Amino acid sequence: MPTITYRDALNQALREEMQRDPKVFLMGEEVGLYQGAYKVSRGLLEEFGAQRVVDTPIAELGFAGVGVGAAMGGLRPVIEFMTWNFAVLALDQIVNSAAKMLYMSGGQIPIPIVFRGPNGAALQLSSQHSQAWESWLAHIPGLKVVAPATPYDAKGLLKAAIRDNNPVMVLEGEMLYNTKGEIPEGEILVPIGQAEVKREGKDVTLICHSKTVAVALKAADQLAQQGVAADVVDLRSLRPLDEPAILASVAKTNRAVVVEEGWPHCGVGAQVVDIIQRDAFDQLDAPVLRVTQADVPMPYNKLLERLAKPSPEKVVAAARRVLYLD
Amino acid sequence: MTTATAQPAEDRAQTELQRRMLREMLLIRRFEEKTAEAYALGKIGGFCHLYIGQEAVAVGVSAALRADDYVISSYREHGQALVRGIPANTVMAELCGKATGCSGGKGGSMHLFDAAKRFMGGHGIVGGHLPLATGLGFAIKYQGGDQVCVCFFGEAAVNIGAFHEALNMASVWKLPVIFLCENNRYGMGTAFERVAAVTDVVEHACSYDIAGEIVNGMDVLEMHHAAQRAIQRARKGGHPTLLEVRTYRFMGHSMSDPLHGVYRTKEEVEEQKKKDPISQLAHRLMEDGVLDQAAIDALDAEVHAEVEAAMQFADESPDPAPDELTSHVLAD
Amino acid sequence: MATKVVMEALSPTMEEGRLVKWTKRTGDAVKTGETLAEVETDKAIMELIARADGQLLQQAVPEGATVPVGNVVAYIGAPGETVAAAGAPAATSPAAAAATPASAAPIPAPAAGSPQPVVSPPPAIANRPAAAAVAAVAIAPADATRVKASPLAKRIAQDKGVDLRLILGSGPGGRVVMRDLDAAVPLSAATPALVPAEPRAAARAPAVIPGGAAYEDVPLTQIRKTIAKRLATSIGPIPHFFLTTEVDMERAAEAREALNQQLADQGPQAGKISFNDIVVKAVALALTRHRACNAWWQDDHIRYWNEVHLGMAVAVEDGLITPVIRNAAMKSLSQIAAESRELAQRARDRRLKPEEYTGATFSVSNLGMFDIDEFTAVINPPEAGIVAVGSIVPKPVVVDGQVTVRRRLRLTMSCDHRVIDGATGAVFLRTLKQMLENPLAMLL
């Protein structure tokens, strides 16, 4: 089975979907001539031409809206944000146009659009370029939100997103683009709304997504050395959430830790905890704990940044607490 | 009165067009008056923005459009929706929130939609739909069509970022979009000159290297001809146009806004009412011998009846079923 | 017919409008679309537009008045038309306005010369004492201590039939968690005796070993904590007083022998009647005649029970629990005997369900098998009384002027003086004594 990078997995997904459906096009800053700010769209301009791989001015609100309008006119746009930090400018179009169009038109106008780009912190990019946007987007009815952690999931989810007739937000990660993973040949589609157990165990549930999947897996290794077998659940989708998968894991282990790279207050993890306390109350042997980014804007200094982010050590400590080992 | 047989065909088409435009303006006028009454009686809730005084703009433009062209507008959209062909019944039902409304009762006054008639809403964020218009133009060009997209907005939207981003991209990509600014001089309670460094909206066309024109929006024929020019420009070469249409609203910004007294004087409003586009066209038609007062009254009565029927239709229509609350959040 | 002009909702949130100024006077001609008045809404000053042609027949509301949306403010009609609602000829000033001056106050001011209108104070909020601890459910748990346990632990305990109060929790704050239940095994009974077995607590405090450790600290189990907490809240706040009486048990003893002989003839499954069973039955019947003692103190009221549910103190390992014989007054001696035996067994096995040890209306405690002559028991709140039963002892007594040996029993009743006064307790105790001394009296 070939091993490819997360970046190339996305590239394959875009290429395959653009070959499959002439209505699919890519639009964003530097996606064409520059080959993509993070090289995700390398080679696409050459293959599909300037009409289908469109370089935009720096005008997030504008080109997000152009994407929505194009979807209203029958096309299937993929709009790239150089990073999701800049998408804040485009929120009016994402929320008030894309998410609500079908509903307020009484079902007449669907918006089959994908918004994608790197999300969350990288290394020392400081406060304005390091935010995780999951909870802002997952909050909105009318949107779907996915966050692939591996190359396989990246390809499968981006393809599924492009084929979905709803606005789908794809949260990637600069720190993920170079990671490698195995991908079989042939068509890969990962259903939106389906989590995956990345590692099985019966002692404690670790629920994670995107970059925190690697953190949780490292924590699981450390816990294994301490005689604890963790069940690592990769959410993959943040809206909709795979509630049965979450509950099945907690039924098995009776205790959970939720790991996320967003801020704690009203983060996506709070929604996961709500599901567990509501529907798995009698299975819980301990309160559900969360490991999140520190509740501060991301600092520039390397050590402070490390302190701010979730780490395997923090996850292990939380797991030990819910196991009453500490 | 000139007999019909003595007129050349072209003239006959013209007078027929003008007669139709008079009827359409009357329809909008009577519909909006009825809407005001329904609002005061509590049948219509929320925000309600009336088009009274601006009828010539929607009517003049609509007469130049094809059925497969796109129209997109702001929240002051009842007039544009009606002349695009959405029946008065379904518009009034939507204003009253009924299941038979053009948006199923889930949009309301600010979100009228009819995908089959290519009336793409009905948008509530000032300037928010301008990038959508550029996107519709993008889709037209991408798919190799010769349709155009007309985007109605008010002059206050000229100050918001989305206006500039949308015009820039429409120009750079040469998209068939007509940006039609209905300059009625007041953004809610603020006179344009108090907040705009450049008060001739048409000057913004230069910033984006697109065609621009000022139009007297109280004259439906002038509006019609300007629309035709802009539409041709878009259809033939994919060149966008910025039209600054000077018009005036006789009512307040919305139903909650006073007619005058706070930010404009009663005298000003009365002065503007003398340029009522409906009276202007009616007088011209009478002077040209096309219609006499009795014919105009008959037309008005016909329109009144249509509006009354629409009100009755809305009154008798049911509310959406409770399970409509959760329908159409996501597409299949 | 005159057209009513109503105060319209001129803004979406408007509920009332203040009529600032009439722009048309009474008698003026009016056309549709003309302004009748200026109205101040919650947002701005708006114009009230005429929706009919005619003459303004009447201004129903004066300038400055605030009127709810929907109220009539004027009438338009043909000249000379009368307006029915006002009750006055159209030409004269509106009658309705008499009470509302032009001061724009929405509340009518008093007529000139009268004092300020008296604003009645808000109705005094009845002093509601703190709600009683007892829930609305008829059976309130007598044990009010909450056990901290994870939801999972609670479920496992229930499935296993384990009493959570007896488990030492290892979680934070003494929370009982799953692993604490892994070791918990329901204990088997020591003996099938009717009387409570010697408390196992003795096993925890072995005889002093010379030369051994000076002391041993034993952590409190849940049941110890519960007993401590509950009874400390009993003897403290409850004003106990005690009544003792000595009962002649000869006839009761004879009756018991005879009954047990009959039961023996029916076979071993028929069981046996103990003295305690007889005392329980007598107490229950006596309570039906003295409802004043069959009551609960409820802080702001007393609940007098019409049913008798007797709590029977049973010693279990390291503690004490009081299973309840429900409707004891209506049960036969055999039923009481069988039930008390079964409940005591399950109490020792820690297999009682909460509804089996809660809801007693009165209690009985018996230390007779330990040769205790008499003792004073502590009341189980919210009950108001408890009878302590000592041992049955042959004693010399004077009967009909002769000294003779009779089997005697000393009963001590503890009463909550807030519910039961001396005389009230005394008459109950006298009835109980009469029943025990002459068992047939129970049939009366």
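The values are calculated or read from the model by the stated rules, or taken from the named source; none is laboratory data. Just so we're clear, the structure is a prediction, and the values are computed from it rather than from any experiment. All Cβ positions, even for glycine, are placed from backbone atoms using ideal geometry, and neighbour counts span all protein chains on display.
List of remarks:
- Identity of the residue in segment A:252-279, assigned to a loop (DSSP other than H, G, I, E, B) and surrounded by 24 or more Cβ atoms within 10 Å (Cβ to Cβ), that ends up nearest to the other protein chains (Cβ to nearest Cβ): A:ASN254
- Residue selected from segment C:1-39 under the condition of a type in the set (Gly, Ala, Ser) and more than 11 Å from chain B (Cβ to nearest Cβ), by the criterion nearest to C:VAL67 (Cα to Cα): C:GLY17
- Pick from segment C:156-173, criterion surrounded by 14 or more Cβ atoms within 10 Å (Cβ to Cβ) and more than 20 Å from C:ILE321 (Cβ to Cβ), ranking: nearest to the other protein chains (Cβ to nearest Cβ): C:GLY171
- Residue match in segment B:152-168 (condition: under 18 Å from the mean Cα position of the chain (by Cα), assigned to a loop (DSSP other than H, G, I, E, B) and either away from chain A (no Cβ under 11 Å) or within 22 Å of B:ASP69 (Cα to Cα) (or both)): no
- Selection status of B:GLU213, closer than 23 Å to B:LEU17 by Cβ and free of Cβ contacts under 8 Å to residues at least 60 places away in the same chain: yes
- Members of segment A:66-87 found to be within 8 Å of chain B (Cβ to nearest Cβ) and of a type in the set (A, V, I, L, M), listed by number: A:VAL66, A:VAL68, A:ALA70, A:ALA71, A:MET72, A:LEU75
- Looking only at segment C:355-391, and only at residues there that are more than 17 Å from C:CYS293 (Cβ to Cβ) and of a type in the set (Val, Ile, Thr), the one that is nearest to the chain's Cα centre (by Cα): C:THR358
- Any hit, segment B:14-37, residues being within 14 Å of chain C (Cβ to nearest Cβ), in contact (Cβ under 8 Å) with a residue 12 or more places away in the chain, surrounded by fewer than 20 Cβ atoms within 10 Å (Cβ to Cβ) and farther than 27 Å from B:LEU285 by Cα: yes
- Candidates A:PHE86, A:PHE48 - the one that is in the same structural domain as A:PRO148 (by TED's automatic domain parsing) and over 24 Å from B:LYS141 (Cβ atoms): A:PHE86
- Selection status of A:GLY65, in a loop (DSSP other than H, G, I, E, B), at pLDDT 95 or above, in contact with a helix residue (DSSP H, G or I) (Cβ under 9 Å, 6 or more places away or on another chain) and within 21 Å of B:TYR75 (Cβ to Cβ): no
- Selection of segment A:141-155 for residues being in contact (Cβ under 8 Å) with a residue 60 or more places away in the chain and closer than 20 Å to B:ALA331 by Cα yields A:LEU143, A:LYS144, A:VAL145, A:VAL146.
- Filtered by the rule that a residue be among the aliphatic types (A, V, I, L, M) and crowded, with 23+ Cβ neighbours inside 10 Å, segment B:53-82 gives B:ALA56, B:VAL57, B:ALA58, B:VAL59, B:VAL61, B:VAL71, B:ILE72, B:ALA81, B:LEU82.
- Any chance A:VAL95 is buried (at least 23 other Cβ atoms within 10 Å of the Cβ) and within 23 Å of the chain's Cα centre (by Cα): no
- Check on A:LEU10, more than 14 Å from chain B (Cβ to nearest Cβ), more than 23 Å from the chain's Cα centre (by Cα), surrounded by 17 or more Cβ atoms within 10 Å (Cβ to Cβ) and assigned to a helix (DSSP H, G or I): no
- Near pairs, Cβ below 8 angstrom, 6+ apart or cross-chain, from segment B:85-109 (at the interface with chain A (Cβ under 8 Å from one of its Cβ atoms)) to any residue that is part of a helix (DSSP H, G or I) and among the β-branched types (Val, Ile, Thr): B:GLY101/B:THR90; B:GLY101/B:VAL91; B:CYS102/B:THR90; B:CYS102/B:VAL91
- Taking the criterion of being at the interface with chain B (Cβ under 7 Å from one of its Cβ atoms) and assigned to a helix (DSSP H, G or I), the residues of segment A:91-118 that qualify are A:ASP92, A:GLN93, A:ASN96, A:SER97, A:LEU102, A:TYR103, A:MET104.
- Residue within segment B:232-255 that is touching a Ser or Thr at 6+ places or on another chain (Cβ under 8 Å), crowded, with 21+ Cβ neighbours inside 10 Å and modelled with pLDDT under 95 present: yes
- Residue selected from segment A:280-313 under the condition within 14 Å of chain C (Cβ to nearest Cβ) and in a loop (DSSP other than H, G, I, E, B), by the criterion farthest from the chain's Cα centre (by Cα): A:ASP285
- Flag for C:VAL83 being more than 14 Å from chain B (Cβ to nearest Cβ), at pLDDT 70 or above and in contact with a Gly (Cβ under 8 Å, 6 or more places away or on another chain): yes
- In segment C:43-66, of all residues being β-branched (Val, Ile, Thr) and part of a strand (DSSP E or B), the one that is nearest to B:GLU37 (Cα to Cα) corresponds to C:ILE49.
- A Cβ distance below 6 Å, combined with a sequence gap of six or more or placement on separate chains, defines the contacts here; from segment A:47-65, residues that are within 16 Å of A:ARG76 (Cβ to Cβ) and facing chain B (nearest Cβ under 7 Å) reach no residue that is basic (Lys, Arg) and part of a strand (DSSP E or B).
- Among the residues of segment B:222-247, those identified as of a type in the set (D, E, K, R) and part of a helix (DSSP H, G or I) are B:GLU222, B:ARG229, B:ARG233, B:ARG235, B:LYS236.
- Strands (runs of 3 or more DSSP E) lying entirely in segment C:279-379 (those with 2 or more residues that are touching a residue at least 12 places away in the same chain (Cβ under 8 Å) and over 23 Å from C:LYS160 (Cα atoms)): C:295-297, C:302-304, C:310-312, C:362-366
- Filtered residue count, segment B:285-301, keeping only those that are within 25 Å of the chain's Cα centre (by Cα) and in contact (Cβ under 8 Å) with a residue 24 or more places away in the chain: 4
- Residues that are surrounded by fewer than 24 Cβ atoms within 10 Å (Cβ to Cβ) and either out of contact with any Cys (no Cβ under 9 Å at 6 or more places or on another chain) or hydrophobic (A, V, I, L, M, F, W, C) (or both), drawn from segment B:138-156: B:LYS141, B:TYR142, B:GLN143, B:GLY144, B:GLY145, B:ASP146, B:GLN147, B:ALA156
- In segment B:113-136, the residues that are under 21 Å from B:GLY85 (Cβ atoms) and more than 7 Å from chain A (Cβ to nearest Cβ): B:ASP114, B:ALA116, B:LYS117, B:ARG118, B:PHE119, B:GLY122, B:HIS123, B:HIS129
- There is at least one residue in segment A:143-155 that is within 14 Å of chain B (Cβ to nearest Cβ), in contact with a helix residue (DSSP H, G or I) (Cβ under 8 Å, 6 or more places away or on another chain), within 20 Å of A:GLY269 (Cα to Cα) and not aliphatic (A, V, I, L, M).
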